[in-house]
(Lines give C-alpha, C1' and ligand atoms only; values in the text may rest on other atoms or scores of the structure.)
Protein backbone atom coordinates (compact mmCIF):
# COMPACT_ATOMS: atom_id res chain seq x y z
CA UNK A 1 0.00 0.00 0.00
CA UNK A 2 1.28 3.45 -0.91
CA UNK A 3 1.91 5.89 1.96
CA UNK A 4 -1.18 7.92 2.82
CA UNK A 5 -3.57 5.72 0.81
CA UNK A 6 -5.72 4.75 3.78
CA UNK A 7 -6.07 8.35 4.96
CA UNK A 8 -7.06 9.57 1.47
CA UNK A 9 -9.61 6.78 1.09
CA UNK A 10 -11.28 7.63 4.39
CA UNK A 11 -11.39 11.31 3.40
CA UNK A 12 -13.01 10.43 0.06
CA UNK A 13 -15.58 8.26 1.80
CA UNK A 14 -16.41 11.11 4.18
CA UNK A 15 -16.87 13.55 1.28
CA UNK A 16 -19.10 11.09 -0.57
CA UNK A 17 -21.18 10.48 2.55
CA UNK A 18 -21.74 14.21 3.12
CA UNK A 19 -22.56 14.76 -0.56
CA UNK A 20 -25.00 11.84 -0.57
CA UNK A 21 -26.66 13.08 2.60
CA UNK A 22 -27.21 16.46 0.94
CA UNK A 23 -28.86 14.83 -2.08
CA UNK A 24 -31.15 12.83 0.20
CA UNK A 25 -32.62 15.94 1.80
CA UNK A 26 -36.30 16.51 1.18
CA UNK A 27 -38.92 19.07 2.10
CA UNK A 28 -39.51 19.76 5.80
CA UNK A 29 -42.33 17.76 7.35
CA UNK A 30 -44.64 20.75 7.89
CA UNK A 31 -44.26 21.76 4.23
CA UNK A 32 -45.04 18.22 3.06
CA UNK A 33 -48.10 18.09 5.29
CA UNK A 34 -49.41 21.33 3.81
CA UNK A 35 -48.83 20.06 0.26
CA UNK A 36 -50.53 16.74 1.00
CA UNK A 37 -53.58 18.56 2.37
CA UNK A 38 -53.76 20.70 -0.80
CA UNK A 39 -53.32 17.77 -3.23
CA UNK A 40 -56.67 16.51 -4.51
CA UNK A 41 -57.87 13.45 -6.36
CA UNK A 42 -59.96 14.17 -9.49
CA UNK A 43 -62.26 11.55 -10.97
CA UNK A 44 -65.35 11.09 -13.11
CA UNK A 45 -67.30 8.09 -14.41
CA UNK A 46 -66.67 6.96 -18.00
CA UNK A 47 -69.23 4.15 -18.28
CA UNK A 48 -69.07 0.38 -17.86
CA UNK A 49 -68.50 0.88 -14.13
CA UNK A 50 -65.07 2.44 -14.77
CA UNK A 51 -63.67 5.84 -13.85
CA UNK A 52 -60.99 8.23 -15.07
CA UNK A 53 -58.61 9.59 -12.43
CA UNK A 54 -55.98 12.26 -12.06
CA UNK A 55 -54.55 14.80 -9.64
CA UNK A 56 -54.92 18.49 -8.90
CA UNK A 57 -53.71 21.18 -6.49
CA UNK A 58 -55.65 23.64 -4.33
CA UNK A 59 -54.14 27.08 -4.90
CA UNK A 60 -56.52 29.26 -2.87
CA UNK A 61 -58.62 28.98 0.30
CA UNK A 62 -61.72 29.54 -1.87
CA UNK A 63 -61.34 26.07 -3.38
CA UNK A 64 -59.69 26.81 -6.74
CA UNK A 65 -57.84 23.82 -8.22
CA UNK A 66 -55.16 23.79 -10.92
CA UNK A 67 -54.97 20.65 -13.06
CA UNK A 68 -54.65 19.40 -16.65
CA UNK A 69 -57.35 19.76 -19.29
CA UNK A 70 -57.07 16.08 -20.16
CA UNK A 71 -57.84 15.18 -16.54
CA UNK A 72 -61.34 16.69 -16.84
CA UNK A 73 -61.98 16.50 -20.59
CA UNK A 74 -61.01 15.24 -24.02
CA UNK A 75 -58.27 17.16 -25.83
CA UNK A 76 -59.26 15.85 -29.25
CA UNK A 77 -62.93 16.84 -29.29
CA UNK A 78 -62.52 19.70 -26.78
CA UNK A 79 -65.31 18.40 -24.54
CA UNK A 80 -65.36 18.71 -20.75
CA UNK A 81 -67.14 16.11 -18.62
CA UNK A 82 -70.38 17.25 -16.94
CA UNK A 83 -69.60 16.06 -13.38
CA UNK A 84 -66.16 16.34 -11.81
CA UNK A 85 -65.65 14.69 -8.42
CA UNK A 86 -62.89 15.77 -6.02
CA UNK A 87 -61.32 13.62 -3.33
CA UNK A 88 -59.16 14.77 -0.39
CA UNK A 89 -56.53 12.99 1.68
CA UNK A 90 -57.53 12.14 5.21
CA UNK A 91 -54.96 9.42 5.89
CA UNK A 92 -51.78 9.05 3.82
CA UNK A 93 -52.06 5.26 3.83
CA UNK A 94 -55.67 5.24 2.59
CA UNK A 95 -57.28 6.19 -0.74
CA UNK A 96 -58.63 9.75 -0.90
CA UNK A 97 -62.19 10.41 0.22
CA UNK A 98 -64.41 11.73 -2.58
CA UNK A 99 -66.34 14.55 -0.90
CA UNK A 100 -66.90 17.37 -3.42
CA UNK A 101 -68.00 18.38 -6.90
CA UNK A 102 -66.12 21.03 -8.88
CA UNK A 103 -67.00 23.35 -11.75
CA UNK A 104 -64.67 24.41 -14.56
CA UNK A 105 -63.74 28.11 -14.23
CA UNK A 106 -61.31 28.35 -17.15
CA UNK A 107 -59.64 25.83 -19.45
CA UNK A 108 -57.13 25.90 -22.29
CA UNK A 109 -56.84 22.69 -24.34
CA UNK A 110 -53.84 24.08 -26.23
CA UNK A 111 -51.88 24.37 -22.97
CA UNK A 112 -53.60 21.29 -21.50
CA UNK A 113 -54.39 23.27 -18.34
CA UNK A 114 -57.63 23.84 -16.46
CA UNK A 115 -58.80 25.82 -13.45
CA UNK A 116 -61.61 24.32 -11.32
CA UNK A 117 -63.46 25.45 -8.24
CA UNK A 118 -65.10 23.31 -5.58
CA UNK A 119 -68.73 24.45 -5.34
CA UNK A 120 -70.75 21.55 -3.88
CA UNK A 121 -70.50 18.43 -1.82
CA UNK A 122 -70.49 15.12 -3.68
CA UNK A 123 -74.20 14.92 -2.86
CA UNK A 124 -74.88 18.24 -4.59
CA UNK A 125 -75.22 20.50 -1.53
CA UNK A 126 -73.59 24.00 -1.54
CA UNK A 127 -70.38 24.13 0.49
CA UNK A 128 -71.05 27.58 1.98
CA UNK A 129 -68.05 29.53 3.25
CA UNK A 130 -65.74 26.56 3.59
CA UNK A 131 -62.01 27.34 3.67
CA UNK A 132 -59.56 24.98 1.98
CA UNK A 133 -55.84 24.34 2.48
CA UNK A 134 -53.74 25.84 -0.32
CA UNK A 135 -50.16 26.08 -1.53
CA UNK A 136 -48.25 29.13 -2.81
CA UNK A 137 -47.40 29.47 -6.50
CA UNK A 138 -43.71 30.01 -7.22
CA UNK A 139 -41.78 31.53 -10.11
CA UNK A 140 -41.00 28.76 -12.60
CA UNK A 141 -38.91 31.22 -14.65
CA UNK A 142 -36.18 31.03 -12.00
CA UNK A 143 -35.61 27.30 -12.52
CA UNK A 144 -32.37 26.11 -14.07
CA UNK A 145 -31.14 22.68 -15.08
CA UNK A 146 -30.34 20.56 -12.02
CA UNK A 147 -32.69 22.28 -9.58
CA UNK A 148 -34.37 19.74 -7.25
CA UNK A 149 -38.11 19.20 -7.66
CA UNK A 150 -40.73 17.31 -5.61
CA UNK A 151 -43.81 15.62 -7.06
CA UNK A 152 -47.07 14.85 -5.25
CA UNK A 153 -50.08 13.08 -6.71
CA UNK A 154 -52.07 9.90 -7.08
CA UNK A 155 -49.70 7.96 -9.25
CA UNK A 156 -51.89 4.88 -9.51
CA UNK A 157 -49.02 2.43 -8.97
CA UNK A 158 -49.94 0.16 -6.07
CA UNK A 159 -53.31 1.79 -5.46
CA UNK A 160 -54.62 5.34 -5.30
CA UNK A 161 -52.95 6.50 -2.11
CA UNK A 162 -51.01 9.74 -2.36
CA UNK A 163 -47.47 9.27 -3.64
CA UNK A 164 -44.30 11.35 -3.35
CA UNK A 165 -41.28 11.29 -5.65
CA UNK A 166 -38.34 13.60 -6.22
CA UNK A 167 -35.89 14.42 -8.95
CA UNK A 168 -34.36 17.35 -10.75
CA UNK A 169 -35.05 19.70 -13.63
CA UNK A 170 -33.65 17.95 -16.68
CA UNK A 171 -34.04 20.70 -19.27
CA UNK A 172 -36.39 23.01 -21.14
CA UNK A 173 -38.06 22.87 -24.52
CA UNK A 174 -40.54 24.71 -26.69
CA UNK A 175 -44.15 23.92 -27.49
CA UNK A 176 -43.18 21.36 -30.14
CA UNK A 177 -40.88 19.60 -27.65
CA UNK A 178 -37.99 20.09 -30.05
CA UNK A 179 -37.23 23.81 -30.30
CA UNK A 180 -35.93 26.13 -27.61
CA UNK A 181 -38.16 27.74 -25.02
CA UNK A 182 -39.72 27.14 -21.61
CA UNK A 183 -43.17 25.94 -22.60
CA UNK A 184 -42.22 22.52 -21.23
CA UNK A 185 -39.86 21.56 -18.41
CA UNK A 186 -38.28 18.10 -18.42
CA UNK A 187 -37.69 16.25 -15.16
CA UNK A 188 -36.64 12.78 -14.00
CA UNK A 189 -38.92 12.18 -11.01
CA UNK A 190 -40.84 8.90 -11.05
CA UNK A 191 -44.44 9.48 -12.18
CA UNK A 192 -47.43 7.50 -13.42
CA UNK A 193 -50.64 8.26 -15.34
CA UNK A 194 -52.45 9.32 -12.17
CA UNK A 195 -49.90 12.09 -11.58
CA UNK A 196 -51.40 14.07 -14.46
CA UNK A 197 -52.54 17.47 -13.21
CA UNK A 198 -50.66 17.11 -9.93
CA UNK A 199 -48.27 19.59 -8.40
CA UNK A 200 -44.48 19.82 -8.69
CA UNK A 201 -42.68 21.95 -6.11
CA UNK A 202 -39.37 23.70 -5.52
CA UNK A 203 -37.26 23.61 -2.36
CA UNK A 204 -39.41 26.32 -0.78
CA UNK A 205 -42.56 24.25 -1.16
CA UNK A 206 -43.91 26.51 -3.92
CA UNK A 207 -45.89 25.13 -6.85
CA UNK A 208 -43.70 25.61 -9.93
CA UNK A 209 -45.20 23.08 -12.34
CA UNK A 210 -48.06 20.75 -13.25
CA UNK A 211 -47.07 17.23 -14.28
CA UNK A 212 -48.64 16.72 -17.70
CA UNK A 213 -47.10 13.88 -19.66
CA UNK A 214 -44.38 11.30 -20.03
CA UNK A 215 -42.62 10.41 -23.27
CA UNK A 216 -40.87 7.08 -23.85
CA UNK A 217 -37.58 7.03 -25.69
CA UNK A 218 -35.29 4.32 -26.95
CA UNK A 219 -34.88 1.24 -24.80
CA UNK A 220 -36.40 1.78 -21.37
CA UNK A 221 -35.80 5.52 -21.24
CA UNK A 222 -38.66 7.82 -20.26
CA UNK A 223 -38.77 11.57 -19.83
CA UNK A 224 -41.47 13.32 -17.80
CA UNK A 225 -42.70 16.79 -18.73
CA UNK A 226 -44.42 19.45 -16.66
CA UNK A 227 -46.14 22.64 -17.66
CA UNK A 228 -44.43 25.54 -15.80
CA UNK A 229 -46.59 27.51 -13.39
CA UNK A 230 -45.87 30.66 -15.41
CA UNK A 231 -48.04 29.33 -18.25
CA UNK A 232 -51.00 28.90 -15.89
CA UNK A 233 -51.24 32.60 -15.00
CA UNK A 234 -53.45 33.33 -18.00
CA UNK A 235 -56.07 31.14 -16.30
CA UNK A 236 -55.29 31.94 -12.68
CA UNK A 237 -54.63 35.69 -12.72
CA UNK A 238 -58.03 36.94 -13.95
CA UNK A 239 -60.06 34.46 -11.87
CA UNK A 240 -58.46 33.82 -8.49
CA UNK A 241 -58.12 36.26 -5.62
CA UNK A 242 -56.51 35.56 -2.26
CA UNK A 243 -53.64 33.43 -3.51
CA UNK A 244 -51.30 32.14 -0.84
CA UNK A 245 -48.08 34.17 -0.93
CA UNK A 246 -44.97 33.09 0.92
CA UNK A 247 -42.64 35.64 -0.66
CA UNK A 248 -40.68 37.63 1.96
CA UNK A 249 -42.12 41.02 2.74
CA UNK A 250 -38.85 42.69 1.76
CA UNK A 251 -39.43 41.69 -1.86
CA UNK A 252 -42.38 44.06 -2.12
CA UNK A 253 -41.26 47.49 -3.38
CA UNK A 254 -41.32 49.92 -0.47
CA UNK A 255 -42.26 53.61 -0.77
CA UNK A 256 -39.21 55.87 -0.99
CA UNK A 257 -39.27 59.20 0.88
CA UNK A 258 -38.12 61.13 -2.18
CA UNK A 259 -40.59 59.54 -4.58
CA UNK A 260 -43.34 61.59 -6.12
CA UNK A 261 -46.70 61.89 -4.34
CA UNK A 262 -48.62 63.58 -7.17
CA UNK A 263 -50.17 61.89 -10.16
CA UNK A 264 -48.78 61.13 -12.64
CA UNK A 265 -45.35 60.14 -11.30
CA UNK A 266 -42.48 61.96 -12.98
CA UNK A 267 -40.49 59.78 -15.36
CA UNK A 268 -36.93 60.88 -16.17
CA UNK A 269 -33.96 59.56 -18.07
CA UNK A 270 -31.61 57.80 -15.64
CA UNK A 271 -34.28 56.55 -13.24
CA UNK A 272 -34.38 52.94 -12.12
CA UNK A 273 -37.77 51.46 -11.28
CA UNK A 274 -38.40 48.23 -9.41
CA UNK A 275 -41.46 46.55 -10.88
CA UNK A 276 -42.92 43.50 -9.19
CA UNK A 277 -44.95 41.55 -11.74
CA UNK A 278 -47.28 38.69 -10.85
CA UNK A 279 -48.66 36.88 -13.87
CA UNK A 280 -47.61 34.54 -16.64
CA UNK A 281 -44.06 34.23 -17.89
CA UNK A 282 -43.32 37.76 -16.65
CA UNK A 283 -43.65 36.94 -12.93
CA UNK A 284 -40.75 38.31 -10.87
CA UNK A 285 -38.92 41.45 -9.75
CA UNK A 286 -38.00 43.50 -12.83
CA UNK A 287 -35.43 46.29 -12.78
CA UNK A 288 -36.35 48.94 -15.36
CA UNK A 289 -33.74 51.54 -16.33
CA UNK A 290 -35.20 54.56 -18.12
CA UNK A 291 -33.28 55.76 -21.18
CA UNK A 292 -33.81 58.50 -23.75
CA UNK A 293 -37.06 59.40 -25.49
CA UNK A 294 -37.96 57.92 -28.86
CA UNK A 295 -39.42 59.75 -31.86
CA UNK A 296 -42.89 59.72 -30.27
CA UNK A 297 -41.63 61.32 -27.06
CA UNK A 298 -41.90 58.09 -25.02
CA UNK A 299 -39.09 56.81 -22.81
CA UNK A 300 -37.22 53.78 -24.15
CA UNK A 301 -36.04 51.60 -21.25
CA UNK A 302 -34.27 48.33 -20.47
CA UNK A 303 -35.94 45.72 -18.26
CA UNK A 304 -33.98 42.99 -16.46
CA UNK A 305 -35.09 39.93 -14.49
CA UNK A 306 -32.16 37.81 -13.39
CA UNK A 307 -30.32 36.84 -16.57
CA UNK A 308 -33.26 37.92 -18.73
CA UNK A 309 -32.89 41.29 -20.45
CA UNK A 310 -35.36 42.88 -22.82
CA UNK A 311 -36.55 46.21 -24.15
CA UNK A 312 -39.24 48.24 -22.40
CA UNK A 313 -41.22 51.39 -23.08
CA UNK A 314 -42.34 53.73 -20.28
CA UNK A 315 -44.95 56.27 -21.34
CA UNK A 316 -47.92 58.35 -20.23
CA UNK A 317 -51.10 58.71 -22.25
CA UNK A 318 -54.54 60.05 -21.24
CA UNK A 319 -53.31 60.47 -17.64
CA UNK A 320 -52.49 56.74 -17.53
CA UNK A 321 -48.94 55.45 -17.08
CA UNK A 322 -48.01 52.37 -19.11
CA UNK A 323 -44.96 50.14 -19.10
CA UNK A 324 -44.44 47.72 -21.99
CA UNK A 325 -42.09 44.81 -21.28
CA UNK A 326 -40.71 42.80 -24.20
CA UNK A 327 -39.47 43.26 -27.77
CA UNK A 328 -41.73 40.67 -29.42
CA UNK A 329 -45.14 39.10 -29.00
CA UNK A 330 -46.58 38.04 -26.62
CA UNK A 331 -46.04 41.52 -25.18
CA UNK A 332 -46.68 42.42 -21.54
CA UNK A 333 -48.05 45.78 -20.40
CA UNK A 334 -48.37 47.18 -16.88
CA UNK A 335 -51.17 49.75 -16.75
CA UNK A 336 -51.25 52.22 -13.85
CA UNK A 337 -54.46 54.24 -13.60
CA UNK A 338 -54.63 57.55 -11.67
CA UNK A 339 -54.19 56.99 -7.91
CA UNK A 340 -52.88 58.61 -4.76
CA UNK A 341 -49.31 57.48 -5.29
CA UNK A 342 -47.02 57.53 -2.27
CA UNK A 343 -43.95 55.98 -3.85
CA UNK A 344 -45.28 52.60 -4.99
CA UNK A 345 -47.98 52.55 -7.66
CA UNK A 346 -50.39 49.67 -8.16
CA UNK A 347 -51.41 48.43 -11.60
CA UNK A 348 -52.73 45.58 -13.69
CA UNK A 349 -50.81 43.29 -16.04
CA UNK A 350 -52.12 42.75 -19.56
CA UNK A 351 -50.79 40.62 -22.41
CA UNK A 352 -51.06 41.13 -26.17
CA UNK A 353 -50.68 37.79 -27.96
CA UNK A 354 -50.10 39.43 -31.35
CA UNK A 355 -50.46 42.74 -33.13
CA UNK A 356 -54.17 42.22 -33.76
CA UNK A 357 -55.19 40.67 -30.43
CA UNK A 358 -57.09 42.48 -27.70
CA UNK A 359 -55.41 42.97 -24.34
CA UNK A 360 -56.01 40.17 -21.83
CA UNK A 361 -55.67 40.87 -18.11
CA UNK A 362 -53.42 38.21 -16.54
CA UNK A 363 -52.05 39.63 -13.27
CA UNK A 364 -50.79 42.61 -11.30
CA UNK A 365 -47.88 45.07 -11.21
CA UNK A 366 -46.37 47.17 -8.41
CA UNK A 367 -43.74 49.77 -9.35
CA UNK A 368 -41.57 52.12 -7.32
CA UNK A 369 -38.45 54.18 -7.90
CA UNK A 370 -35.22 52.80 -6.52
CA UNK A 371 -34.11 55.60 -4.21
CA UNK A 372 -33.88 59.33 -4.75
CA UNK A 373 -30.49 59.08 -6.38
CA UNK A 374 -32.11 57.44 -9.38
CA UNK A 375 -34.15 60.56 -10.16
CA UNK A 376 -31.97 62.68 -12.40
CA UNK A 377 -32.92 65.58 -14.64
CA UNK A 378 -32.98 64.71 -18.31
CA UNK A 379 -29.67 65.38 -19.98
CA UNK A 380 -29.62 67.76 -22.95
CA UNK A 381 -29.39 66.14 -26.37
CA UNK A 382 -26.17 66.40 -28.30
CA UNK A 383 -26.32 68.68 -31.34
CA UNK A 384 -25.85 65.80 -33.76
CA UNK A 385 -28.82 63.90 -32.21
CA UNK A 386 -26.88 60.67 -32.47
CA UNK A 387 -28.78 58.87 -29.71
CA UNK A 388 -30.58 55.68 -30.64
CA UNK A 389 -33.18 55.15 -32.04
CA UNK A 390 -33.05 57.41 -35.09
CA UNK A 391 -35.94 59.85 -35.44
CA UNK A 392 -37.74 58.92 -38.65
CA UNK A 393 -40.20 61.40 -40.12
CA UNK A 394 -41.95 62.34 -43.33
CA UNK A 395 -39.97 64.99 -45.24
CA UNK A 396 -36.54 63.63 -44.36
CA UNK A 397 -33.89 62.96 -47.02
CA UNK A 398 -31.26 60.30 -46.36
CA UNK A 399 -28.07 59.52 -48.25
CA UNK A 400 -27.63 55.77 -48.73
CA UNK A 401 -24.63 53.71 -49.81
CA UNK A 402 -24.66 49.93 -50.32
CA UNK A 403 -21.63 47.73 -50.95
CA UNK A 404 -21.05 44.03 -51.54
CA UNK A 405 -18.80 41.57 -53.40
CA UNK A 406 -20.40 42.47 -56.77
CA UNK A 407 -22.26 45.58 -55.76
CA UNK A 408 -21.53 49.23 -55.09
CA UNK A 409 -24.16 51.92 -55.41
CA UNK A 410 -25.35 55.10 -53.76
CA UNK A 411 -28.59 56.98 -53.75
CA UNK A 412 -30.97 59.34 -51.97
CA UNK A 413 -34.10 58.40 -50.03
CA UNK A 414 -36.98 60.85 -49.75
CA UNK A 415 -39.60 59.94 -47.13
CA UNK A 416 -42.80 61.40 -48.54
CA UNK A 417 -45.69 59.66 -46.73
CA UNK A 418 -46.64 57.13 -44.06
CA UNK A 419 -47.74 53.59 -44.83
CA UNK A 420 -50.68 51.73 -43.26
CA UNK A 421 -48.55 50.93 -40.18
CA UNK A 422 -47.70 54.61 -39.66
CA UNK A 423 -44.04 54.20 -40.73
CA UNK A 424 -42.43 56.67 -43.17
CA UNK A 425 -42.38 55.50 -46.78
CA UNK A 426 -40.75 56.97 -49.85
CA UNK A 427 -38.54 56.40 -52.84
CA UNK A 428 -34.85 55.67 -53.08
CA UNK A 429 -33.20 56.92 -56.29
CA UNK A 430 -29.92 55.24 -57.21
CA UNK A 431 -27.45 56.04 -59.98
CA UNK A 432 -28.66 55.68 -63.56
CA UNK A 433 -32.10 56.81 -62.30
CA UNK A 434 -32.85 53.34 -60.91
CA UNK A 435 -35.58 53.72 -58.25
CA UNK A 436 -37.11 51.49 -55.57
CA UNK A 437 -39.97 51.83 -53.09
CA UNK A 438 -38.53 52.20 -49.58
CA UNK A 439 -39.94 51.58 -46.09
CA UNK A 440 -37.90 52.93 -43.15
CA UNK A 441 -39.05 51.69 -39.73
CA UNK A 442 -38.05 50.64 -36.22
CA UNK A 443 -38.63 47.02 -35.22
CA UNK A 444 -39.65 45.67 -31.83
CA UNK A 445 -36.27 43.97 -31.57
CA UNK A 446 -34.63 47.41 -31.37
CA UNK A 447 -33.17 47.47 -34.88
CA UNK A 448 -33.92 49.97 -37.66
CA UNK A 449 -34.87 48.43 -41.00
CA UNK A 450 -34.82 50.00 -44.47
CA UNK A 451 -36.67 47.68 -46.87
CA UNK A 452 -36.47 48.39 -50.61
CA UNK A 453 -38.16 46.71 -53.57
CA UNK A 454 -38.92 47.37 -57.22
CA UNK A 455 -42.62 48.19 -57.76
CA UNK A 456 -44.12 44.95 -59.06
CA UNK A 457 -47.63 45.89 -60.11
CA UNK A 458 -49.81 42.79 -60.02
CA UNK A 459 -46.88 40.48 -59.28
CA UNK A 460 -47.27 39.26 -55.68
CA UNK A 461 -43.80 37.72 -55.48
CA UNK A 462 -41.07 40.25 -54.79
CA UNK A 463 -37.35 40.43 -54.32
CA UNK A 464 -36.15 42.83 -51.59
CA UNK A 465 -33.06 44.57 -50.32
CA UNK A 466 -32.90 45.26 -46.61
CA UNK A 467 -30.51 47.45 -44.65
CA UNK A 468 -30.48 46.37 -41.00
CA UNK A 469 -29.04 48.87 -38.50
CA UNK A 470 -28.45 47.69 -34.93
CA UNK A 471 -28.34 50.06 -31.95
CA UNK A 472 -25.44 52.53 -32.21
CA UNK A 473 -24.46 56.04 -31.17
CA UNK A 474 -23.23 57.54 -34.43
CA UNK A 475 -24.78 60.19 -36.67
CA UNK A 476 -24.20 57.94 -39.70
CA UNK A 477 -26.00 54.61 -39.43
CA UNK A 478 -23.93 51.58 -40.37
CA UNK A 479 -25.42 48.13 -40.89
CA UNK A 480 -25.67 45.00 -43.00
CA UNK A 481 -27.22 44.61 -46.44
CA UNK A 482 -29.52 41.62 -46.82
CA UNK A 483 -31.65 40.17 -49.61
CA UNK A 484 -34.85 38.14 -49.29
CA UNK A 485 -38.04 37.19 -51.12
CA UNK A 486 -41.71 37.39 -50.15
CA UNK A 487 -44.69 35.38 -51.37
CA UNK A 488 -48.30 36.46 -51.83
CA UNK A 489 -48.93 36.21 -48.06
CA UNK A 490 -45.87 38.30 -47.18
CA UNK A 491 -43.84 35.39 -45.80
CA UNK A 492 -40.06 35.91 -45.99
CA UNK A 493 -37.72 33.34 -47.53
CA UNK A 494 -34.10 33.09 -48.74
CA UNK A 495 -32.83 35.76 -46.31
CA UNK A 496 -29.12 36.28 -46.97
CA UNK A 497 -26.48 38.78 -45.88
CA UNK A 498 -24.74 40.14 -48.97
CA UNK A 499 -22.94 43.34 -47.97
CA UNK A 500 -23.00 46.57 -45.96
CA UNK A 501 -25.13 49.74 -45.75
CA UNK A 502 -24.57 53.28 -44.50
CA UNK A 503 -27.28 55.92 -44.15
CA UNK A 504 -26.85 59.62 -43.27
CA UNK A 505 -29.62 62.13 -42.68
CA UNK A 506 -29.33 65.32 -44.75
CA UNK A 507 -29.50 68.39 -42.51
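The values are calculated or read from the model by the stated rules, or taken from the named source; none is laboratory data. The structure displayed is predicted, hence computed values, not measured ones. Cβ: placed from backbone, ideal geometry, glycine included. Neighbour counts: every protein chain shown.
Would you check if there is a residue in the range 165-172 being in a loop (DSSP other than H, G, I, E, B), in the same structural domain as residue 38 (by TED's automatic domain parsing) and either surrounded by 14 or more Cβ atoms within 10 Å (Cβ to Cβ) or modelled with pLDDT of 95 or more (or both)? Give the steps one after another, and end with the answer.
Applying the first criterion (in a loop (DSSP other than H, G, I, E, B)) to the range 165-172 yields none.
The answer is no, given that none of the residues of the range 165-172 is in a loop (DSSP other than H, G, I, E, B), in the same structural domain as residue 38 (by TED's automatic domain parsing) and either surrounded by 14 or more Cβ atoms within 10 Å (Cβ to Cβ) or modelled with pLDDT of 95 or more (or both).
So in the range 10-38, with the set limited to residues that are modelled with pLDDT of 50 or more and not in a helix (DSSP H, G or I), which one is surrounded by the most Cβ atoms within 10 Å (Cβ to Cβ)?
Of all residues in the range 10-38, those modelled with pLDDT of 50 or more come to 25-38.
After this cut, where a residue has to be not in a helix (DSSP H, G or I) as well, the list is 25-28.
Values: 25: 10, 26: 12, 27: 20, 28: 11.
Of everything passing the filter in the range 10-38, 27 is surrounded by the most Cβ atoms within 10 Å (Cβ to Cβ).
Condition check ((1) surrounded by 14 or more Cβ atoms within 10 Å (Cβ to Cβ); (2) within 22 Å of the chain's Cα centre (by Cα); (3) in a strand (DSSP E or B)) across all residues:
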position	(1), (2), (3)
133	yes, no, no
149	yes, yes, yes
152	yes, no, yes
180	no, yes, no
197	yes, yes, no
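State which residue pairs qualify: first residue surrounded by fewer than 20 Cβ atoms within 10 Å (Cβ to Cβ) and inside the range 260-284, second residue in a strand (DSSP E or B) and at pLDDT below 85 in any location, beta carbons under 6 Å apart, and separation of 6 or more residues or different chains.
276/285; 284/305
Output yes when any residue across the range 406-426 is modelled with pLDDT under 75, under 35 Å from the mean Cα position of the chain (by Cα), farther than 23 Å from residue 498 by Cβ and surrounded by 13 or more Cβ atoms within 10 Å (Cβ to Cβ), and no when none is.
Checking the range 406-426: not a single residue is modelled with pLDDT under 75, under 35 Å from the mean Cα position of the chain (by Cα), farther than 23 Å from residue 498 by Cβ and surrounded by 13 or more Cβ atoms within 10 Å (Cβ to Cβ).
Can you tell me which residues in the range 39-56 are at pLDDT 95 or above and over 18 Å from residue 122 (Cα atoms)?
none
Here are some residues: 106, 102, 114. Which one is farther than 30 Å from residue 188 by Cβ, assigned by TED's automatic domain parsing to the domain that holds residue 43, assigned to a strand (DSSP E or B) and under 23 Å from the mean Cα position of the chain (by Cα)?
Numbers: 102 fails: under 23 Å from the mean Cα position of the chain (by Cα); 114 fails: farther than 30 Å from residue 188 by Cβ.
On inspection, the qualifying residue turns out to be 106.
Specify which of the listed residues (86, 92) is more than 30 Å from residue 306 (Cα to Cα), out of contact with any strand residue (DSSP E or B) (no Cβ under 7 Å at 6 or more places or on another chain) and assigned by TED's automatic domain parsing to the domain that holds residue 210.
Details: 86 fails: out of contact with any strand residue (DSSP E or B) (no Cβ under 7 Å at 6 or more places or on another chain).
Being more than 30 Å from residue 306 (Cα to Cα), out of contact with any strand residue (DSSP E or B) (no Cβ under 7 Å at 6 or more places or on another chain) and assigned by TED's automatic domain parsing to the domain that holds residue 210 holds for just one of 86, 92, which is 92.
Taking the conditions exactly as written (touching a helix residue (DSSP H, G or I) at 6+ places or on another chain (Cβ under 8 Å) and outside any loop (DSSP other than H, G, I, E, B)), does residue 276 satisfy them or not? Let's see the steps before the verdict.
Values: touching a helix residue (DSSP H, G or I) at 6+ places or on another chain (Cβ under 8 Å): yes; outside any loop (DSSP other than H, G, I, E, B): yes.
Yes: the conditions hold for residue 276.
Against the definition (surrounded by fewer than 19 Cβ atoms within 10 Å (Cβ to Cβ), farther than 21 Å from residue 233 by Cβ and at pLDDT below 85), how does residue 306 come out, yes or no?
Values: surrounded by fewer than 19 Cβ atoms within 10 Å (Cβ to Cβ): yes; farther than 21 Å from residue 233 by Cβ: no; at pLDDT below 85: yes.
Here the answer is no, as residue 306 does not meet what is asked.
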